[in-house]
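The values are calculated or read from the model by the stated rules, or taken from the named source; none is laboratory data. Because the structure is predicted, anything quoted here is derived from the model rather than measured. Every residue, glycine among them, receives a Cβ derived from its backbone with ideal geometry; neighbour counts consider all protein chains shown. Only protein heavy atoms, including side chains, enter the accessible area calculation; ligands, DNA and RNA are left aside. Shrake-Rupley method; radii C 1.70, N 1.55, O 1.52, S 1.80 Å.
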Amino acid sequence: MLGAIFLSTSAVFLLIFFNDWPTFAVLLFLDNFGGGIAITLGNSLATGIKEKSSRQVFNMLYFMQNVGVVIGTLLVGVLVEISIEWIFISNFILFASYLFVVYRHYYVPKAALVKEQVAKKGQDKTPLRYVWVIGAILILFFAIETGYSQWQSNLSIYMESLGISVKSYGFLWTINGIVIVCGQPVLNKLLDDILKIKLIYKLYLGSALFVLGFFTLLFATDYPHFILTMVIVTLGEILTFPTIPAVVDNLSTLSEKGKYQGAVSVFAALGRAIGPSAGGLIVDNSSYDMLFTVMIALMGLTTLFVIVVAQFNLVKK
């Protein structure tokens, strides 16, 4: 993990001085490569925290991630007015600070290491029925990220074609951050503490909200409608994004938690990578309505697939 963060820190440091094309693309790749490793290892280490439930741990990770997004977005607007280099300087300071925190405070308790060694000696494999459920959830995560990536790519062009300004589109992401930061604690309190809904049912509800959000896009022609849709999709994001690694953590055995948390990152990244290009192809060869219909079908069918697989394999869970 130290190596991965050092790679990102070095890349961001070099970006201060070398941010022209094609150096920018190469250093950005190295930054994201190191970041991807660090996030996966961070999730894996999080599974070793036993003082809190995995639900609480991953909810907090997701919450703080989005607090960072909100603060970062606000800072960029200020720093870019001064100089583009200040964006890279601030990133370098944050990465260097994180490197120090990891060096001083990230560790695996000896008791956990002993348990892991015992588990590996005993061939502590995740039961096949849980592997099926994890696999179905990973496919669902890929589908959700494929759909969600349309908001970060093709939807901006669609909104512009309707006469909605780029500034208004950008404000949707401010709304996204506010809903996450303010709404997540409320939703968690309601669903986890008051209603005590199981994690897998939270996942179903979140997926259904994603489907509903894209269904409303079929009728969205004005800005208030897009705001409503963004709120619905964001509520789905709050329920699914931290829940998926938590469910995978609960289903996987100690010796394979790292492997499956890595798979969570891989399938999410695949959705984000393929989604914009696939969506663009659909729009070029058909229409935006067809794009929304395909995304609704993709997320809806994979949600039903997870429900069926979980019903047959999680009877005792």
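Please verify whether region 15-31 includes one or more residues that are within 20 Å of SER97 (Cβ to Cβ) and within 20 Å of the chain's Cα centre (by Cα).
Yes, region 15-31 contains a residue that is within 20 Å of SER97 (Cβ to Cβ) and within 20 Å of the chain's Cα centre (by Cα).
Report, by residue number, each residue of region 204-226 that is touching a Leu at 6+ places or on another chain (Cβ under 7 Å), of a type outside the set (Gly, Ala, Ser) and in contact (Cβ under 8 Å) with a residue 40 or more places away in the chain.
Hits for region 204-226 are THR221, PHE226.
If you go through region 284-300 one residue at a time, how many are among the aliphatic types (A, V, I, L, M), open to solvent by 30 Å² or more (accessible area, probe 1.4 Å) and in contact (Cβ under 8 Å) with a residue 24 or more places away in the chain?
2
Evaluate region 46-59: report whether one residue or more is in a helix (DSSP H, G or I), polar (S, T, N, Q) and either closer than 21 Å to VAL266 by Cα or open to solvent by less than 70 Å² (accessible area, probe 1.4 Å) (or both).
yes
Taking the condition surrounded by 14 or more Cβ atoms within 10 Å (Cβ to Cβ), at pLDDT below 90 and not aromatic (Phe, Trp, Tyr), does VAL166 pass?
For VAL166, the condition - surrounded by 14 or more Cβ atoms within 10 Å (Cβ to Cβ), at pLDDT below 90 and not aromatic (Phe, Trp, Tyr) - is not met.
Is it the case that region 71-83 has a residue that's closer than 16 Å to ILE39 by Cβ and in contact with a helix residue (DSSP H, G or I) (Cβ under 6 Å, 6 or more places away or on another chain)? Break it down into steps so the answer makes sense when it comes.
Taking region 71-83 as the starting set, the residues that turn out to be closer than 16 Å to ILE39 by Cβ are 72.
Next, from what is left, pick out any that are in contact with a helix residue (DSSP H, G or I) (Cβ under 6 Å, 6 or more places away or on another chain): none.
Taking every residue of region 71-83 in turn, none turns out to be closer than 16 Å to ILE39 by Cβ and in contact with a helix residue (DSSP H, G or I) (Cβ under 6 Å, 6 or more places away or on another chain).
Suppose the filter is of a type in the set (Ser, Thr, Tyr), surrounded by 16 or more Cβ atoms within 10 Å (Cβ to Cβ) and either within 19 Å of the chain's Cα centre (by Cα) or part of a helix (DSSP H, G or I) (or both); does THR73 pass it?
Taking the combined requirement at face value, the residue does not satisfy it.
Given the criteria open to solvent by 70 Å² or more (accessible area, probe 1.4 Å) and at pLDDT 90 or above, does VAL186 qualify?
yes
Any residue at all in region 197-218 that is out of contact with any Asp or Glu (no Cβ under 6 Å at 6 or more places or on another chain), under 23 Å from GLY72 (Cβ atoms), of a type in the set (A, V, I, L, M, F, W, C) and open to solvent by 20 Å² or more (accessible area, probe 1.4 Å)?
Looking for residues that are out of contact with any Asp or Glu (no Cβ under 6 Å at 6 or more places or on another chain), under 23 Å from GLY72 (Cβ atoms), of a type in the set (A, V, I, L, M, F, W, C) and open to solvent by 20 Å² or more (accessible area, probe 1.4 Å), one finds none in region 197-218, hence no.
How many of the residues in region 267-283 are under 30 Å from SER44 (Cα atoms) and surrounded by 15 or more Cβ atoms within 10 Å (Cβ to Cβ)?
Result for region 267-283: 8.
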